[in-house]
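This report concerns only the one structure given below.
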Amino acid sequence: MSGLFQKINTLLKARIDSFLEEDLRLSRQPDENALLTAGRLGKDVDQEVAALRQRIEEALNYEDSLQEKIDALRQEASDLDGEADDALRGGQEDTARRALEQMRRLQQQAHMVEADLVQHRRTTAEFIERVNVLEGLIAEARRKEDTSSMTEPPAETLDRVLQTARQDAETPGRAEPVRVIVNPPPPAESPSPSANDDLAARRARLARRSAEQEE
């Protein structure tokens, strides 16, 4: 979803900017400052804008799903953190070590998904702004111009530009979705030095708590 949305955003920016530049060059209307002439909107422009709005809705829903995955990963990591302490209290060092290895993997996955979420939110904000500007230009073109006097249809219309950009981005195999691994892989056979360091620190912390409670 994230890769697809990024591709749509990039294609729209390039093709709409090019279309508007061409529209300005071809414009022979009294208002030479017009950014878009009504005659080049096309009959399906509202339908295409609605399709873009639907993409925005899907992008916002996707953000919610990413946040849910982050919360789930963080919660599972927190549970493993507690399990490691309980295992150490019970003298089960191997169990504690495995729990810490799994906890670290989950934390790393959460960081990766968070980075995806930040980028996706940035892309979504740019896309929303682009569509808002586009709708404003369409409304302004319709307000200022009367296309009834046109004798020849335009060679290219905005609705076709939007449609082809969207279809090109949605072509199967051209965009890779973000893959999030929720279930961690099996723990490594040998613990990393950081896991041993963590075990030592936890033993010291638990020993201090036990001593404080006895006092």
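The values are calculated or read from the model by the stated rules, or taken from the named source; none is laboratory data. All of these numbers come straight from a predicted model, not from anything done at the bench. All Cβ positions, glycine included, derive from the backbone under ideal geometry; neighbour counts span all protein chains shown. We work out accessible area using only protein heavy atoms, side chains counted, and drop any ligands, DNA or RNA first. Shrake-Rupley method; radii C 1.70, N 1.55, O 1.52, S 1.80 Å.
Quick notes on this structure:
- Selection count, the range 41-96, where residues are open to solvent by less than 30 Å² (accessible area, probe 1.4 Å) and in a loop (DSSP other than H, G, I, E, B): 2
- Ala99 passes every criterion in (1) without any contact (Cβ under 8 Å) to a residue 60 or more places away in the chain; (2) open to solvent by less than 30 Å² (accessible area, probe 1.4 Å); (3) within 17 Å of Gln6 (Cα to Cα) apart from (3).
- Qualifying position, being at pLDDT 80 or above, under 27 Å from Ala14 (Cβ atoms) and not hydrophobic (A, V, I, L, M, F, W, C), among Arg160, Arg174: Arg160
- Within the range 118-134, the set of residues being more than 12 Å from Asn9 (Cα to Cα) and free of Cβ contacts under 8 Å to residues at least 60 places away in the same chain comprises Val118, Arg121, Asn132, Val133.
- The range 72-115: number of residues that are closer than 13 Å to Asp198 by Cα and of a type in the set (A, V, I, L, M): 6
- Which listed residue is of a type outside the set (D, E, K, R), in a helix (DSSP H, G or I), under 30 Å from Glu57 (Cβ atoms) and open to solvent by 60 Å² or more (accessible area, probe 1.4 Å), from Val113, Val118: Val118
- Filter result for Glu140 (at pLDDT 85 or above, part of a helix (DSSP H, G or I) and surrounded by 11 or more Cβ atoms within 10 Å (Cβ to Cβ)): yes
- Matching entry among Arg97, Arg130, Arg143, Arg55 (being basic (Lys, Arg) and under 30 Å from Arg202 (Cβ atoms)): Arg97
- Residue check for Thr124: assigned to a helix (DSSP H, G or I), closer than 25 Å to Ile16 by Cβ and among the hydroxyl-bearing types (Ser, Thr, Tyr): yes
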